[in-house]
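Since the structure comes first, as structure tokens, the remarks are kept for the end.
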Amino acid sequence: MRNFRDYDRTQRFLLPPDLSDWVADDDLAHFIVAAVERVDISAFHVSRTGSGKAQYHPRMMLALLIYCYASGIFSSRRIERATHRDVSVRFIAANSHPDHDTIAKFRRDNIRAFEVAFEQLLLLASEAGLLKVGTVSVDGTKIDANASKIKSIRYDRLQVLRAKLGEDIAALTAKAEAADLVPEDDGLSLPGEIVRRETLKAKLDAAEKRLEEAAARDHEGDDDPPAPEASRQTNLTDPDSAIMRKSARHEYRQAYNAQAAVDADGSMLVVASDVLNTTNDRAGLDGLLNQMTDGSRSPKTLLADAGYAGEEVVKALEKCGIDPLIAISRQQHERPYDFRPPPKQGKSPKAITAQWRLDMIDKLQTEPARKQYRKRKQTVEPVFGIIKSILGFTRFHLRGLENVKSEWTLTTLAYNCKRLSKMMA
């Protein structure tokens, strides 16, 4: 005779249940709840009037977002659903269920709270002796924007479409006016067609203005700034994003360039983050440095690949008391059995003559510097791999550069929470 455990789905609880009993002691939820309590309430964007419906507590909302991002739940609708289905999320939300609009608004409005929480978590790591910023690795990674590249348009193509839309709108308007004079033809579909074309034309007008303003900024001070280049593009869905690719071997995507500085002395915590809408990694170094030198975690050594190489960069780092170890060129190491065809013979590489480049090459050839530089691939690149493959964050859900920066701060904060909770355990 089989021996089965009895089950009864109609059995009532004899005592009120405690949600924390259902969450394992080593669950990330406990760590995040405790960490968020360190965030000052003044950092949050909340209603100060005290009137109307009571708000969800901002610390609860912040903990909810961090835990969900650390668990691979990014959509506001999926987060709302998780407050019903996921026991740990339900515990963090204290058995409440914010709707997706409330979650989305909180995520848009609280970039300052994300930054403060980011700082407080690094302070916690320092107090625990787990974060000792002596050496940092910096790098960038391309992350898809919340926009399609087929919505990008060139300046020359934009001019053609605007002219065609103007003609079509005029023709449809004339047809609608004529239809009013014919009793048997009601012309019900015409106004909708006109509105759709007028909406698209308004978007193209705004895109043209953006491109022309950008061209004027590039030639600021000129008496007669030229028109934008024909190949210059903008995206109709997210104008701040750009078409870029990881390398010559990868496809072009509508994306942003997410930057991170990672502690290379063992913790692998992200100590600074930023987002660019250009492929030039060097442009993001100032933002990372400002974050690192603003607090008590200014590094002694900075490791970076050739994308950050520049004489001004080296001088700026040395001025801050930071020793730069930056690759001068992208080296392709030969493999003993290479599956790839041999590269085509092109022009000979340009001779390196700049003294700062020669000095950096000499420095990188010393054994201590080579040992240090090897940490770069072992620290910052695995962090990007974890964020993309383990957390599952491969595209932004917000639009606009400032909103995307906020979401990247939230994502790296979620990664740091997950990493630090494991280290402290």
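The values are calculated or read from the model by the stated rules, or taken from the named source; none is laboratory data. Since this is a predicted model, take the numbers as computed values, not measurements. Cβ sites come from the backbone with ideal geometry, for glycine too, and all protein chains shown count toward neighbours. Note: areas computed on protein heavy atoms with side chains; ligands, DNA, RNA excluded. Shrake-Rupley method; radii C 1.70, N 1.55, O 1.52, S 1.80 Å.
Summary of values
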{"quantity": "Pairs with Cβ under 9 Å, 6+ apart, first in segment 147-164 and outside any helix (DSSP H, G or I), second among the small types (Gly, Ala, Ser) and surrounded by 16 or more Cβ atoms within 10 Å (Cβ to Cβ)", "calculated": "Ala147/Ser241; Ser152/Ser241; Ser152/Ala242; Ile153/Ala207"}
{"quantity": "When residues of segment 233-278 are limited to those that are touching a residue at least 12 places away in the same chain (Cβ under 8 Å) and of a type in the set (D, E, K, R), the one farthest from Val160 (Cα to Cα)", "calculated": "Asp265"}
{"quantity": "Residue, modelled with the lowest pLDDT, within segment 172-198, restricted to residues that are surrounded by fewer than 12 Cβ atoms within 10 Å (Cβ to Cβ) and of a type in the set (Gly, Ala, Ser)", "calculated": "Ser189"}
{"quantity": "Condition check for Glu127: open to solvent by 80 Å² or more (accessible area, probe 1.4 Å) and either touching a Cys at 6+ places or on another chain (Cβ under 7 Å) or under 30 Å from Ser231 (Cα atoms) (or both)", "calculated": "no"}
{"quantity": "Sole residue being under 27 Å from Gly284 (Cα atoms), among the charged types (D, E, K, R) and modelled with pLDDT of 90 or more, chosen from Lys151, Lys164", "calculated": "Lys151"}
{"quantity": "Filtered residues of segment 107-130 (kept if under 23 Å from the mean Cα position of the chain (by Cα) and not hydrophobic (A, V, I, L, M, F, W, C))", "calculated": "Arg107, Arg108, Asp109, Asn110, Arg112, Glu115, Glu119, Gln120"}
{"quantity": "Filtered residues of segment 288-302 (kept if open to solvent by 20 Å² or more (accessible area, probe 1.4 Å) and either free of Cβ contacts under 8 Å to residues at least 60 places away in the same chain or under 22 Å from Ser241 (Cα atoms) (or both))", "calculated": "Asn290, Gln291, Thr293, Asp294"}
{"quantity": "Those residues of segment 143-160 which are within 30 Å of Val262 (Cα to Cα) and buried (at least 20 other Cβ atoms within 10 Å of the Cβ), in sequence order", "calculated": "Ile143, Ala145, Ala147"}
{"quantity": "Qualifying residue in segment 63-78 (condition: more than 18 Å from Ala414 (Cα to Cα), over 23 Å from the mean Cα position of the chain (by Cα) and of a type outside the set (A, V, I, L, M, F, W, C))", "calculated": "no"}
{"quantity": "Within segment 350-363, considering residues that are assigned to a loop (DSSP other than H, G, I, E, B) and among the aliphatic types (A, V, I, L, M), the one modelled with the lowest pLDDT", "calculated": "Ala351"}
{"quantity": "Those helices (runs of 4 or more DSSP H) lying entirely in segment 44-138 with at least 3 residues of a type in the set (Val, Ile, Thr) and within 21 Å of Phe31 (Cβ to Cβ)", "calculated": "87-92"}
{"quantity": "Segment 1-45: number of residues that are surrounded by fewer than 17 Cβ atoms within 10 Å (Cβ to Cβ), of a type in the set (Val, Ile, Thr) and within 24 Å of Cys68 (Cα to Cα)", "calculated": "1"}
{"quantity": "Residue that is of a type in the set (Gly, Ala, Ser) and within 28 Å of Arg253 (Cα to Cα), where the choices are Ala145, Ala113", "calculated": "Ala145"}
{"quantity": "Residues of segment 57-82 that turn out to be surrounded by fewer than 19 Cβ atoms within 10 Å (Cβ to Cβ) and small (Gly, Ala, Ser), as a count", "calculated": "2"}
{"quantity": "Condition check for Ala230: farther than 30 Å from Met292 by Cβ, open to solvent by 10 Å² or more (accessible area, probe 1.4 Å) and touching a residue at least 60 places away in the same chain (Cβ under 8 Å)", "calculated": "yes"}
{"quantity": "Pairs with Cβ under 9 Å, 6+ apart, first in segment 322-349 and modelled with pLDDT under 75, second surrounded by 10 or more Cβ atoms within 10 Å (Cβ to Cβ)", "calculated": "Arg330/Asp305; Arg330/Ala306; Arg330/Gly307; Gln331/Ala306; Pro349/Ser329"}
{"quantity": "Unique residue being buried (at least 18 other Cβ atoms within 10 Å of the Cβ) and among the aliphatic types (A, V, I, L, M) when the list is Val87, Val136", "calculated": "Val136"}
{"quantity": "Candidates Ala214, Ala283, Ala207, Ala248, filtered to the one that is open to solvent by less than 70 Å² (accessible area, probe 1.4 Å) and either outside any helix (DSSP H, G or I) or over 17 Å from Gly400 (Cα atoms) (or both)", "calculated": "Ala283"}
{"quantity": "Top-ranked residue in segment 306-325 [being open to solvent by 20 Å² or more (accessible area, probe 1.4 Å) and not in a helix (DSSP H, G or I); ranked as farthest from Gln291 (Cα to Cα)]", "calculated": "Asp323"}
